[in-house]
Amino acid sequence: MNEPTEARLQMAGHWLQIGHPERTLDELQGLWGDAAVDYRAYLFRGAALHALDRNDEAIAVLRDGLTHYGPALPLLQLLGSALRAAGQLKEAESAYLQGLSLDPSEPDLLLGYALVCLAAGQTEKAAALVERAASFAPESAAVSSARAQVAFAQGRHKDMRRHSKKALSVDPEDPGAQALHGTASMLTGDARTGYRSLASAAASNPSDADLRAAAREAKLMNHPLLRPLRPFQRFNPLVVWIGAVAIIYGLRFAGLRPLAILFAIGWFAFCIYSWVAPPLVRRWINRRWGS
Amino acid sequence: MSDELLRPTIGADIDLSTRPWRLMSQAYVAFFGGVIATTVIATVNARRLGVPASGRRLILLAGGIGLVLAAISLVLLTDELTASSGTRVAIRVIAVLTCLAQLRIQQPMDRAFQLRGTEYKSLWGPGIAAVIGCGLLEVLLLALVVIAV
């Protein structure tokens, strides 16, 4: 391979590494002849397309690479991830299992397979796979992130926060870990930290609309006007409602009818506030955020 | 290699083309529509989420228990045929508690859905239909129970 071609491939890999997948694709477009079917060209192109959420194209490129080069673990790992993102869970499972049949102790494949199981609702199997990956890579941030996702799936929010914090301590700039930590903080009632983490994650991934929306919602919850609504974030709103009804009728049965009426009026006003205030503040914040 | 963990387990039981409804939206259906409405919506949603048959049976069981409790509270609290505001609140609390139990059963698969990162479907149309249709059915059923007792 001549030098300019090699330099171009290395540059494509570099762009991918620093989070500019669209530039990777530009770089690879200039390759021709043998260089265009180089192993790295398939790998980088597949990874870039997957990063840009163009998963159907990524799957086609990676399958093409696999027919050229046989079952290579990095290609299978990426293919599994792209198939999962495209919602083809059964096919994603086959890709990971094919990789794991070649190397059953590869932590990235075990974690990737665990995420497929999570998406299919098989949380116990996912947890077991993550723990197996942990036995091969105990200090890995990816293991902590996967543990946080398992905790999310099982509704264990405090554990989710602990694991995402650990992942963040390994790499404080990792957008995935920031997003998990932000979500966990919101779910455990810490809207301030939640906003900070989600906003950092959204800033690193400007193309991710879901992250942007989550950061906006977190900002909304931090607004002083919405502070009274925190109990609804922290506890299930249905439980809060049942609590309020219990208090109203408790006061009535205790012979404190006027107090019960007063509390009921206050509760009703609070309910109306909880319906009216968020849309108004959301509108105001959106106008300030420029969309 | 006989490794249980590395055996394929993902079947075709999850239909990724049908989108479920938000769990908390179902609370409104329970509040305004009652036990039957929340049970119908929860059962349909559980199927969309891919909740196993045992979970769906539990949702129906919770609905059945909720309906029986609503009937009992109505019989105990109602004078003649006029339901007091207390009775109506009691029936609503029972519907919301039933809904809470049904949400718990749906939660694991709802989390899996959230991890797949797809959009929810709007519950407005089916929710209002369930509130009106199933709400009327419930009033009729409970009224029959009161007349019969």
Could you size up the charge dipole of the range B:1-145 around its Cα centre, putting +1 on the beta carbon of Lys and Arg and -1 on that of Asp and Glu, and report it in debye to the nearest 20? 280
Residues in the range A:153-189 that a label on A:Asp210 would reach, taking backbone N under 16 Å of a point 7 Å out along Cα→Cβ: A:153-154, A:175-184
Once you put a point 7 Å from the Cα of A:His20 and another 7 Å from the Cα of B:Glu4, both along the Cβ direction, what distance in nm separates them? 5.0
Accessible area (Å², per residue) of the range B:66-148, counting only protein heavy atoms and a probe of 1.4 Å: 55
For the protein assembly as shown, give the percent of accessible area contributed by carbon and sulfur heavy atoms, probe 1.4 Å, rounded to a whole number. 61
Counting pairs of alpha carbon atoms under 8 Å apart in space and at least six apart in sequence, what relative contact order in percent does chain B give? 39
The range A:8-61: relative contact order from alpha carbon pairs under 8 Å, six or more residues apart, as a whole percent, is 33
Long pairs among A:Lys90/A:Lys165; A:Lys165/A:Lys219; A:Lys90/A:Lys125; A:Lys90/A:Lys166; A:Lys158/A:Lys219, criterion Cα-Cα beyond 25 Å: A:Lys90/A:Lys165; A:Lys90/A:Lys166
Pull out the extension gain between A:Gln233 and A:Leu259, defined as 0.36 nm times the separation in residues minus the alpha carbon to alpha carbon distance; nm, one decimal. 6.7 nm
For B:Gln114 and B:Ser85 in the same chain, what is the full-extension length gain: residue separation times 0.36 nm, less their Cα-Cα distance, in nm? 6.6 nm
Sort B:Lys121, A:Lys125 from largest to smallest accessible area, using a 1.4 Å probe on the heavy atoms of the protein chains. B:Lys121, A:Lys125
With DSSP loop assignment and no more than 10 other C-beta atoms within 10 Å, the chymotrypsin sites (Phe, Trp or Tyr not before Pro) in the range A:27-67 are A:Trp32
Return the whole-Å distance between the Cα centroid of the range A:8-29 and the Cα centroid of the range A:236-250. 56
Residue by residue, what Karplus-based ³J(HN,Hα) values in Hz, rounded to whole numbers, does the range A:150-159 have, using 6.51, -1.76 and 1.60 with θ = phi - 60° and x for Gly and Pro? 5, 4, 4, 4, 8, x, 9, 6, 5, 5
So for the pair A:Arg283, A:Asp171, with labels modelled 7 Å out along Cα→Cβ, what separation do we get in nm? 4.2
Where A meets B: accessible area buried, both sides, 1.4 Å probe, Å²: 2900
Taking the Cα centre of each part, how many Å lie between the range B:83-149 and the range A:177-209? 33
Pairwise FRET efficiency - A:Gln98 versus A:Val37, Cβ, R0 = 22 Å, nearest 0.05: 0.55
Can you tally the net charge around A:Ala41? Count Lys and Arg as +1, Asp and Glu as -1, for every other residue whose Cβ sits under 11 Å from the Cβ of A:Ala41. -1
With just the Cα atoms defining each centre, how far is the range B:56-80 from the range A:74-109? Give it in Å. 48
To the nearest 10 square angstrom, how much accessible area does B:Met109 have with a 1.4 angstrom probe? 20
To one decimal place, what Kirkwood hydrodynamic radius in Å is obtained for chain A from all pairs of distinct Cα atoms? 21.9
Which shape class, rounded, prolate or oblate, goes with the range A:119-252 when its Cα gyration tensor gives a ≥ b ≥ c as root eigenvalues, a/c under 1.5 marks rounded, and past that a/b bigger than b/c marks prolate? oblate
Computed over chain A: longest principal axis from alpha-carbon atoms vs helix A:73-85 long axis, angle to nearest 10 degrees, is 40
Relative contact order as a percentage, chain A, C-alpha pairs under 8 Å and 6+ apart, gives 7
What list of ³J(HN,Hα) couplings, whole Hz, do you get for the range B:54-67 from phi and the Karplus terms 6.51, -1.76, 1.60, once you set θ to phi - 60° and write x for glycine and proline? 4, x, 5, 5, 4, 4, 5, 4, 4, x, x, 4, x, 5
Magnitude of the Cβ-charge dipole (Lys and Arg +1, Asp and Glu -1) of the range B:71-149 about the Cα centre, nearest 20 debye, reported as 380
DSSP-assigned coil residues among chymotrypsin sites (Phe, Trp or Tyr not before Pro) in the range A:227-286, each with at most 13 further Cβ atoms within 10 Å: A:Phe235
What number comes out for accessible area per residue over the range A:157-276 if the probe is 1.4 Å? Units Å², please. 56
Spin-label point model (7 Å from Cα, Cβ direction): what's the B:Leu144 to B:Ala129 distance in nm? 2.3
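The values are calculated or read from the model by the stated rules, or taken from the named source; none is laboratory data. On a predicted model such as this, the values are computed, not experimentally measured, just so you know. Every residue, glycine as well, gets a Cβ built from its backbone with ideal geometry; the counts of neighbours run over all protein chains shown. The accessibility values were calculated without ligands, DNA or RNA, using every heavy atom of the protein model including side chains. Shrake-Rupley method; radii C 1.70, N 1.55, O 1.52, S 1.80 Å.
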